[in-house]
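Data block below; observations after.
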Amino acid sequence: TSLLQADHELDFEQAGRLGRWLNAVVAVADPLQFAFAHRFPHLAHRARTIRNVVPILPHPPAKPSGGPLRLGWSGELRRTQKRLDDLLRIAALLEARGVDFELMIWGDGECRDELVARRDAAGLGRRVRFAGRIPASEVPDAMADRHAFVMTSSFEGLSISLLEAMSRACVPVVTRLATQSLLLRDGVNALTVPVGDVEGFADRLARLAADPELRARLGRAAFDSIAEGGHRLEDMLDAYETHFASLDAEVDSGAWARPEGLLHPPPARIGGIDLMVPPPGRDEHWLHEDARYANGVPRWPDAPPPLEARSPASGDASPVDLPPLEDWRVIVSATGQISGVDTFSVHLLRHLRAMGIDGRVHGHRTLDHRMGLALADDLPVDAREDASWMSWPLRWRKAIDHVESLGPAIYVPNYDYDYSCIAPRLSDRIRVVTICHSDDPAHYEHVVRLAPASDAIVCVSTAIAGQLRRLVPGVDDRLHVIPYGIARRPRRPATGVLPAPEGTLRIAFVGRLMLHQKRCHDLVPIAEALERRGVPFQLLVVGDGLERDLVEKAARGLLGRCRIAFLGGQPNEAVEDILATCHALLLPSSFEGLSVGMLEAMAAGVVPVVSAIRSGVPDAIRHGENGLVAPIGDVEAFADLLAGLHADRAALARLSAAAARTIETGGYLAEHMAARYVELFRTLIAAPTRRSPGAIVPPAHLRREGTVSQWAERVAADPLASIRRVASRFARGR
């Protein structure tokens, strides 16, 4: 379990970087959990809130009725977060206004001596006192005689010091921070001020000094907020006991198991904070280098020895001896299924072949029997033999021999997770181009694992490139951003589309019906929200997946009213024809790389109405100019945007034209994409490979199969069924 303690890049970066391997992420305040879920929607289901707590007294302590306004502050004396310079400026303003006050500061840190010197220079020695560090258990009682607690921080999580002060009936006079917005109510149990507003602080403190009844009322309300708001020690212990029990149940039932993967060192500096200082003589990438060494260890028990490394290119190889790109093969892995990645592969290979470059589909032999889904008969397939009866090390050795037999070649593994791990064992006759297709941990894990063995890493969006720079320091010179490109082709009449009355807003959803990424369960609530608004519409759902039955059941009423139609999985050409009949594309995804369906819709003049994800959308969409953007999961916001398109047909036409223009002029055509890849490929073959040879590091899901073949496991599990399968194949003449 990782704790989100503060609203700072440091905390979010760690939880996001390690999220795939964490059982849970616990935030100390609800706003922190909301922010984490918005930033990492694929990890939102693992996050929960367990509030920070403090010891509570049976009754609020009595406060001095006379004398100066007693102020308190406690914490670590560091300038970056705490804005301690503001404390001295506030004190100077109170002194200038003639306010009788005393500020006691408990704590120590890097800037104490400087602060003391500045206090003395300002003549505030009588007003501001530094009490030094005291045991944490004594801090709450030290606050008992204070009237108010002052906090000038630029960010916090749910400050323990604040809770301790409130538990002793101190009035919080603090900066207005989102993470504390559910606890503090200005004028009710606190006085809040914008960050950096020292005049505002002085005004409110002067008001407290002049109004004892106000500070008594606010202090009592602050005490009650802690005593009754779930901030007692018993509340936290009960919450953690329940939390840990649920985690144990998940593990015991097999619902969750930690995947194995690469070490993910943090960057050297996050949010202005230095994490790792390099040893003398080492640069800022030293930590990553050590991690790379550790990651070379085989990843499963009883692993066979690493396959023998083939010779990498020598450092003095002459580029002049290398053949031109037209003499190289480009082999691009594909699944043969309906997916944006296979669509990308088809477009790339077709344009490469049109340029006289030998581009080929690479993958399992069953691709030949699945070409009708996403591939095309005009593309040659270099298929691997079926080797399911072999152990994985033997399969990888055969795969290496197969790729080497195609050399000189450029190998693009795409989604081929089971076999892409051969990259560290390929010779200098092969160039490896790894592509990060999506902004999610599974894709990042694959790319990070292959990074040392990649000649180039292509990102389909600038956000993905930025994330990889953080995950794999030192690869900037191998990172390239090349967005997807789509093909121009004549439109045909779409088949299977229900007729719609004049004036109906036709909306398309294109994608796999899955909850994790595509948020397909949002489709029905959005459609129902449109009905409530009286919008005449028809939603065409193009795609298939595990959640289809559930979505169709939820949509029974809409189906009966012809508001929604499920068209199932469709070949890419059919999808383009369907899109051409629509006004808007609905894309409620929680994450994407760069949606091919979105680009195809825009090319057809279909207005994209998409979620505010960080990858792909910001590169292509400008809200209100060529598309519309709604917060992730905000059903009402999506419905409002779609209803607005129906109501304002002039805006619909303007957005439609701008969307199509973006594809034509923004570099999103297949010929633009292919030209960039050709330029990259020519650059790679003009110099020796820079890949680092190493041990095969397979994906985590193959750990158990490291030494035993799937075929052997199936035979051992049910020998009679295996005999029947073999007999059946012979009977069919196979």
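The values are calculated or read from the model by the stated rules, or taken from the named source; none is laboratory data. Since the model is a prediction, treat every value here as computed from it, not as a measurement. A quick note on method: Cβ atoms are made from the backbone with ideal geometry, for glycine too, and the neighbour counts reach across all protein chains shown. These accessible areas exclude ligands, DNA and RNA; they are computed on the full protein's heavy atoms, side chains included. Shrake-Rupley method; radii C 1.70, N 1.55, O 1.52, S 1.80 Å.
Residue by residue, here is whether (1) among the β-branched types (Val, Ile, Thr); (2) touching a residue at least 40 places away in the same chain (Cβ under 8 Å) holds:
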site	(1), (2)
ARG384	no, no
SER391	no, yes
ASP401	no, no
ILE410	yes, yes
PRO424	no, yes
ASP440	no, yes
ASP455	no, yes
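Within region 466-482, can you find the residues that are assigned to a loop (DSSP other than H, G, I, E, B) and modelled with pLDDT of 90 or more? If you could, list the steps in order and put the result at the bottom.
So the first thing to find is which residues in region 466-482 are assigned to a loop (DSSP other than H, G, I, E, B), and the list is 472-475, 482.
Residue satisfying the conditions is ILE482 alone.
Residue-wise test of (1) assigned to a strand (DSSP E or B); (2) out of contact with any strand residue (DSSP E or B) (no Cβ under 7 Å at 6 or more places or on another chain); (3) at positive phi; (4) at pLDDT below 90.
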position	(1), (2), (3), (4)
GLU110	no, yes, no, yes
VAL116	no, no, no, no
GLY123	no, yes, yes, no
ARG126	no, yes, no, no
ARG129	yes, no, no, no
SER137	no, yes, no, yes
PHE149	yes, no, no, no
Q: Identify, by number, the condition in (1) in a helix (DSSP H, G or I); (2) in contact (Cβ under 8 Å) with a residue 40 or more places away in the chain; (3) acidic (Asp, Glu) that ASP141 doesn't meet.
A: (2)
Q | Per-region count, region 634-655, residues open to solvent by less than 30 Å² (accessible area, probe 1.4 Å), touching a residue at least 24 places away in the same chain (Cβ under 8 Å) and either touching a strand residue (DSSP E or B) at 6+ places or on another chain (Cβ under 7 Å) or in a loop (DSSP other than H, G, I, E, B) (or both) | A | 5
Q. Within the set of pairs 6+ apart or on separate chains, which have a first residue in region 656-674 that is under 20 Å from ALA584 (Cβ atoms) and of a type outside the set (S, T, N, Q), a second that is assigned to a helix (DSSP H, G or I) and open to solvent by less than 30 Å² (accessible area, probe 1.4 Å), and C-beta atoms under 6 Å apart?
A. ALA659/MET602; ILE663/MET602; TYR668/LEU599
(Q) I'd like the full set of residues that are out of contact with any Gly (no Cβ under 9 Å at 6 or more places or on another chain) and in a helix (DSSP H, G or I), limited to region 377-407. (A) LEU394, ARG395, TRP396, ARG397, LYS398, ALA399, ILE400, ASP401, HIS402, VAL403, GLU404, SER405
Q. Looking only at region 13-29, which residues are part of a helix (DSSP H, G or I) and open to solvent by less than 10 Å² (accessible area, probe 1.4 Å)?
A. ALA15, GLY19
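From ALA91, ALA122, which residue is open to solvent by 30 Å² or more (accessible area, probe 1.4 Å), closer than 20 Å to VAL198 by Cα and hydrophobic (A, V, I, L, M, F, W, C)? I'd like the intermediate steps shown before the answer.
On the way: ALA91 fails: open to solvent by 30 Å² or more (accessible area, probe 1.4 Å).
Matching residue, one of ALA91, ALA122: ALA122.
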Q.
Step by step: first the residues of region 436-456, then only those that are modelled with pLDDT under 95 and aliphatic (A, V, I, L, M), then the one that is surrounded by the fewest Cβ atoms within 10 Å (Cβ to Cβ). Which residue is that?
A. ALA442
Q) Which one of these does VAL139 not meet: (1) β-branched (Val, Ile, Thr); (2) out of contact with any Asp or Glu (no Cβ under 6 Å at 6 or more places or on another chain); (3) under 30 Å from LEU10 (Cβ atoms)? A) (2)
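Going residue by residue through region 589-599, is there one that turns out to be under 13 Å from THR662 (Cβ atoms) and in contact with a strand residue (DSSP E or B) (Cβ under 7 Å, 6 or more places away or on another chain)?
Of region 589-599, the ones under 13 Å from THR662 (Cβ atoms) are 594, 598-599.
Adding the requirement that they be in contact with a strand residue (DSSP E or B) (Cβ under 7 Å, 6 or more places away or on another chain) leaves 598-599.
Among the residues of region 589-599, at least one is under 13 Å from THR662 (Cβ atoms) and in contact with a strand residue (DSSP E or B) (Cβ under 7 Å, 6 or more places away or on another chain), which makes the answer yes.
Can you tell me how many residues in region 602-623 are free of Cβ contacts under 8 Å to residues at least 12 places away in the same chain and assigned to a loop (DSSP other than H, G, I, E, B)? Quick ask: steps written out before the conclusion?
Step one: filter region 602-623 for residues free of Cβ contacts under 8 Å to residues at least 12 places away in the same chain, giving 622-623.
The next check asks that each one be assigned to a loop (DSSP other than H, G, I, E, B); those that pass are 622.
Counting residues in region 602-623 that are free of Cβ contacts under 8 Å to residues at least 12 places away in the same chain and assigned to a loop (DSSP other than H, G, I, E, B) gives 1.
So which helices (runs of 4 or more DSSP H) stay within region 506-587 end to end and still have 2 or more residues that are closer than 28 Å to ALA603 by Cβ?
Details: elements: 523-532, 548-554, 556-560, 572-579.
It comes to 523-532, 548-554, 572-579.
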Q.
List pairs: first residue in region 67-93 and over 17 Å from ALA131 (Cα atoms) and of a type in the set (Val, Ile, Thr), second residue part of a helix (DSSP H, G or I) and open to solvent by 20 Å² or more (accessible area, probe 1.4 Å) anywhere in the structure, Cβ distance under 6 angstrom, at least six positions apart or on different chains.
A. ILE90/VAL198
Q: Tell me which residues, restricted to region 520-537, are surrounded by fewer than 20 Cβ atoms within 10 Å (Cβ to Cβ) and under 25 Å from the mean Cα position of the chain (by Cα).
A: HIS521, PRO525
(Q) For region 154-181, give me each residue that is at pLDDT 90 or above, assigned to a loop (DSSP other than H, G, I, E, B) and either farther than 22 Å from ARG89 by Cα or under 39 Å from the mean Cα position of the chain (by Cα) (or both). (A) ARG168, ALA169, ARG176
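Condition test on LEU367, is it modelled with pLDDT under 80, within 32 Å of the chain's Cα centre (by Cα) and either in a helix (DSSP H, G or I) or among the charged types (D, E, K, R) (or both)? Step through it out loud before you land on a result.
On the way: modelled with pLDDT under 80: yes; within 32 Å of the chain's Cα centre (by Cα): yes; either in a helix (DSSP H, G or I) or among the charged types (D, E, K, R) (or both): yes.
It is true that LEU367 is modelled with pLDDT under 80, within 32 Å of the chain's Cα centre (by Cα) and either in a helix (DSSP H, G or I) or among the charged types (D, E, K, R) (or both).
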Q | Pick from region 69-88, criterion part of a helix (DSSP H, G or I) and open to solvent by less than 40 Å² (accessible area, probe 1.4 Å), ranking: farthest from ALA202 (Cα to Cα) | A | GLN81
(Q) Restricting to region 408-434, name every residue that is in a loop (DSSP other than H, G, I, E, B), open to solvent by less than 10 Å² (accessible area, probe 1.4 Å) and either within 18 Å of THR689 (Cα to Cα) or in contact with a Gly (Cβ under 6 Å, 6 or more places away or on another chain) (or both). (A) PRO413, CYS421, ILE422, LEU426
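Which residue is nearest to HIS516 (Cα to Cα), if the candidates are limited to region 538-559 and must be aliphatic (A, V, I, L, M), in contact with a Lys or Arg (Cβ under 9 Å, 6 or more places away or on another chain) and open to solvent by less than 10 Å² (accessible area, probe 1.4 Å)? Talk me through it step by step, then tell me what you get.
Just the residues of region 538-559 that are aliphatic (A, V, I, L, M), to begin with: 539-542, 546, 550-551, 554-555, 558-559.
Now restrict to residues that are in contact with a Lys or Arg (Cβ under 9 Å, 6 or more places away or on another chain): 539-541, 546, 555.
Next, only the ones that are open to solvent by less than 10 Å² (accessible area, probe 1.4 Å) stay: 539-541, 555.
Values: LEU539: 21, LEU540: 21, VAL541: 17, ALA555: 19 Å.
Selected residue: VAL541.
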(Q) Restricting to region 188-229, give me the number of residues that are under 27 Å from PRO55 (Cβ atoms), among the small types (Gly, Ala, Ser) and either part of a loop (DSSP other than H, G, I, E, B) or touching a Cys at 6+ places or on another chain (Cβ under 9 Å) (or both). (A) 3
